[in-house]
Amino acid sequence: MELTMSSKSQYADEVSLGKRFEFGQNWSRFLPILDEKRIAVAEQSLKEMLEINDLHGKGFLDIGSGSGLFSLAARRLGARVHSFDYDPKSVSCTAELKKGSFPDDPMWTIEEGSALDTAYLASLGTFDVVYAWGVLHHTGAMWQALEDVSRNVAPGGKLFLSIYNDQGRASRYWKAVKRAYNRLPRALKFLVLWPAFVVLWWRPIIRDFLLARPFHDWRNYSSERGMSPWRDVVDWVGGYPFEVAKPEEIFEFYCKKGYLLVKLKTPGGSHGCNEYVFVKQ
């Protein structure tokens, strides 16, 4: 299924008006450095958070597939994968990864679609694992998206989410930064990007120099989820729309729907994402 022409027009309008970041363009620049090590790290991330050894015989829904890295990781672990994204360039990135690793594989489907399209989500049915990492807080209607994707989890299945941590005043500051970045012409975006980079990285860079290990954190950044530090800086600064939630808000929201929280990983009060794994009772 592809986005309708009206949906594609809406996406293009949102980008041109500075209301939406082009995640797919960022991810297309990440793909050239995606290597076996990063893919293996992504696989290990899924194993640890989902507490599984493999995904053979399982259905895996990747909502907002982005670069396609975690769709690829799930497929390599044996899952039947369905990937979709609202950003056409992200869909192209995911398709490119599939073409290089699982060409013509009927166990991996890729589509354009929106996490806010209730009818589209309903048409997909249910999955053993629904994965939405760093996605739903960029829809512009996070709580609606959280509601709708809950219906795609099969009974006994797992919902793996990550949602930006609510830092109060700091979150409002970053929302203003992101809005400014997206409203600037492409040639002037560096005026926001580089100061934000300094804010995000000056402490770890100075710490590494003081510990006589220059740029250690930068070089080893991919050890957590297989991502690139610079691409994540661009993703963070540009990521708009932007919504946040406290861990207890997400916990209470899904507990009321009969979900059980089985894993929680927080960024220690920083600007990152809280990660949740729920099981549908």
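Derivation of every value follows stated rules applied to the coordinates shown; laboratory data play no part. A quick note: this is a predicted structure, and the numbers were derived from the prediction, not measured. A quick note on method: Cβ atoms are made from the backbone with ideal geometry, for glycine too, and the neighbour counts reach across all protein chains shown.
Quick notes
- Each of 161, 69 was scored by other Cβ atoms within 10 Å of its Cβ. Arranged with the fewest first, they read 161, 69.
- With K and R counted +1 and D and E -1, the other residues having a Cβ less than 12 Å from that of residue 58 yield a net charge of +1.
- For the stretch 229-271, backbone nitrogen atoms closer than 20 Å to the point 7 Å from residue 209 Cα along Cα-to-C-beta are found at 230.
- In this simple spin-label model, placing a label point 7 Å from the Cα along the Cα-to-Cβ direction at both residue 89 and residue 176 gives a separation of 2.8 nm.
- Put a plus charge on the Cβ of each Lys and Arg, a minus charge on the Cβ of each Asp and Glu, and nothing anywhere else: the dipole of the stretch 1-116 about its Cα centre is then about 140 debye.
- Taken along the Cα-to-beta-carbon direction at a fixed 7 Å, the label points for residue 261 and residue 40 span 3.4 nm.
- If you take the alpha carbon atoms of the chain and fit the smallest convex hull around them, that volume is 131 Å³ per residue.
- Among 138, 160, 170 - extreme Cα towards positive end, dipole of the stretch 129-189, charges at beta-carbon: 170
- Choice from 58, 256, 99 showing the highest fluctuation, given a GNM over the chain with Cα pairs closer than 10 Å: 256
- For residue 84, nonlocal amide neighbours, meaning residues 5 or more places apart or on other chains whose placed amide H falls under 5 Å from its own, are 62, 64, 65, 111.
- Relative exposure of 236, 133, 202, 108, judged by other C-beta atoms within 10 Å (fewest first): 202, 236, 133, 108
- Think of each Lys and Arg Cβ as +1 and each Asp and Glu Cβ as -1; about the Cα centre, that makes the dipole of the chain roughly 800 debye.
- Around the amide H of residue 153, modelled in the peptide plane, lie the amide H atoms of 127, all under 5 Å away and 5 or more residues distant in sequence or on another chain.
- Placed amide H near residue 263: partners under 5 Å, 5+ positions off or other chain: 277
- Between 184, 53, 34, the Cα set farthest toward the positive side of the dipole of the chain (charges on each charged residue's Cβ, about the Cα centre) is that of 184.
- Environment charge of residue 156, counting only residues whose C-beta is closer than 9 Å and scoring Lys/Arg +1, Asp/Glu -1: +1
- For the chain, share of DSSP beta bridges that run antiparallel, in % to the nearest 5: 40
- By the count of other C-beta atoms within 10 Å, a proxy for reagent exposure, 45, 101, 67 are ordered fewest to most as 101, 45, 67.
- Computed packing ranks the peptides 86-92, 228-234 as 86-92, 228-234, most packed first, by mean other Cβ atoms within 10 Å.
- The ratio of the alpha-carbon radius of gyration of the stretch 169-237 to the globular-protein estimate 2.2 N^0.38 Å is 1.24.
- Each residue of the stretch 88-98 is assigned a 3J(HN,Hα), and the resulting list reads x, 6, 5, 4, 5, 4, 4, 5, 5, 4, 4 Hz, derived from the Karplus form 6.51 cos²θ - 1.76 cosθ + 1.60 (θ = phi - 60°), x at Gly and Pro.
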